[in-house]
1. Just checking, how many residues over the stretch A:171-185 are within 12 Å of chain B (Cβ to nearest Cβ) and over 23 Å from B:F78 (Cα atoms)?
2. Restricting the stretch A:145-170 to residues that are crowded, with 17+ Cβ neighbours inside 10 Å, over 27 Å from the mean Cα position of the chain (by Cα) and more than 9 Å from chain B (Cβ to nearest Cβ), which is nearest to B:L79 (Cα to Cα)?
3. Of the conditions (1) more than 30 Å from A:D142 (Cα to Cα); (2) at the interface with chain B (Cβ under 8 Å from one of its Cβ atoms); (3) touching a residue at least 40 places away in the same chain (Cβ under 8 Å), A:R219 satisfies every one except a single condition; which number is it?
4. I'm trying to understand the selection: among the residues of the stretch A:181-214, which are among the hydroxyl-bearing types (S, T, Y) and either in contact with a Cys (Cβ under 8 Å, 6 or more places away or on another chain) or buried (at least 17 other Cβ atoms within 10 Å of the Cβ) (or both)?
5. Anything in the stretch A:27-46 that is closer than 29 Å to A:V116 by Cβ and modelled with pLDDT under 80? List them, or say none.
6. Just the residues that are outside any helix (DSSP H, G or I), acidic (D, E) and within 14 Å of chain A (Cβ to nearest Cβ), please, taken from the stretch B:33-85.
7. Condition check: out of contact with any strand residue (DSSP E or B) (no Cβ under 8 Å at 6 or more places or on another chain) and under 24 Å from A:A189 (Cβ atoms). Does A:L136 satisfy that?
8. So for the stretch B:78-88 (the condition being out of contact with any strand residue (DSSP E or B) (no Cβ under 8 Å at 6 or more places or on another chain) and modelled with pLDDT of 90 or more), does at least one residue qualify?
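The values are calculated or read from the model by the stated rules, or taken from the named source; none is laboratory data. Because the structure is predicted, anything quoted here is derived from the model rather than measured. Don't worry about glycine lacking a Cβ; one is built from the backbone with ideal geometry, like all the others, and counts go over all protein chains shown.
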Amino acid sequence: MASLMVVFLKVALVGAVAATVLVPLLGRGLKTVISRLPPARRAAVLLAACWLPLLGGVLFAAVVAGPSIASLFSLYDGHCPVGAGADHHHCVLHLGTELQLPWASLWLGLIGGGLVLLLARNLLTLLREYRSYQSLMRMARDGSCAEEVLMLRTERPFAGVLGLLHPRVVLSNGLVNLLSVSQRRVVEAHESAHCARRDPLRLLLARFGALLHLPAVRRVLLHEFLLATEQAADERAASEVGDRLTVAETILAVARANPHRVGDLAFTGSLVEQRVEALVSGPQSVRLRGGLLIGALVLVAAAVNASPVVHHSLESFLSSFLG
Amino acid sequence: MNHGTIQLGKLEHAVLEELWEHGANHAKGVHARLGVQRGITHNTVQSTLERLYRKALLSRTKEGHAYVYRPALEREAFLARLIDQVTHPLAESLPEESLLSAFVDFAAERDEQGLDRLQALIERKRRANSTGRDSE
């Protein structure tokens, strides 16, 4: 059983590595389509993309193990060396041969070990961050009565959402004093949208899912995901206050309140710029039918897997890798 | 002394708030105000003050036989540091790696020219919208 688990892990790891390499190649082609999706849909697609290596690994393991498990229940015997008269290929349940490429295990072990270390490092960092996060939340709670919006008693401008499972809107006195009534309404509507969507939890999921991607891909994915998340909250705020330009102006007013002042270098390509430009240019109109898209992808995957050439090539490749 | 990230427990936070509100005090004084009310011992208050001192959040001077503790940072400066830490937890981290959904990236550097350009863009759009409405 233990060796079976090892084989599954190896297959999943090969699948994850393949997905990690394929994502940047596919991403170039799909980037334009994804960028035209409405922000909330785009955020969902990008969150799934963050988890693609893991999903790819699990899917790969399921595809490879499927015929072997079917043979265990005598549903199918074409893939197992112990099956009667089988013209078999690779079977993950009855391993007949040793590894043909011994260093393959070494590489897979190194990648797997590296991933475990990366995960442990990020968990420790997260724990440290979470303590600071809790300290700020405690100070906000102490500064507020039973209001829905927590107030930080500081002149420092701040507006955000704190809390993973039960997120709360937190504003600072310093920021509220700078805003007009309509601008404060925009900020509260925007942050309430984050609460309703549980965006801090989604950010955390994206951050951990994206750990399996190559660093450059990870950075782009997380940036695009954060942008989509912010734009989804902007859209919700715009529909609540009934004016997109007021939302854009509020973003600028809050950005101007930021105490970190520099020259001309930092702004280009920033989230503020992209959010304001999107609000000024109007809502995204392209809508892809999610169900239809997923159905088409499943059909393509099934067709590819059903093709004997593809299926047996995949098994032969894995046999040489896994024995 | 530790000048790193700020991490406070509930009691540490309560002790700091007490010192911000009522000023410098020794362990006995803090215990009289806070410990009795919370049902905690003098030793617990003493060790909390010691921990806060080691975290560089309190300074202390010896007066007679006892240390008098005072906040090393004003409440405002402490909160500013905490906000910075939460918005950008690590020096090398990206805003998208924070757990926080902030209205804007409060730790990012601000560019006046970029903001002016965007303001002009919004004003142009407003004018275009009102001209469109007038001509209808």
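1. Counting residues in the stretch A:171-185 that are within 12 Å of chain B (Cβ to nearest Cβ) and over 23 Å from B:F78 (Cα atoms) gives 3.
2. Only one residue fits best here, namely A:M151.
3. Condition not satisfied by A:R219: (3).
4. The one that is among the hydroxyl-bearing types (S, T, Y) and either in contact with a Cys (Cβ under 8 Å, 6 or more places away or on another chain) or buried (at least 17 other Cβ atoms within 10 Å of the Cβ) (or both): A:S192.
5. The one that is closer than 29 Å to A:V116 by Cβ and modelled with pLDDT under 80: A:G27.
6. Residue satisfying the conditions is B:E74 alone.
7. No; evaluated as a whole, the condition is false for this residue.
8. No, every residue in the stretch B:78-88 fails to be out of contact with any strand residue (DSSP E or B) (no Cβ under 8 Å at 6 or more places or on another chain) and modelled with pLDDT of 90 or more.
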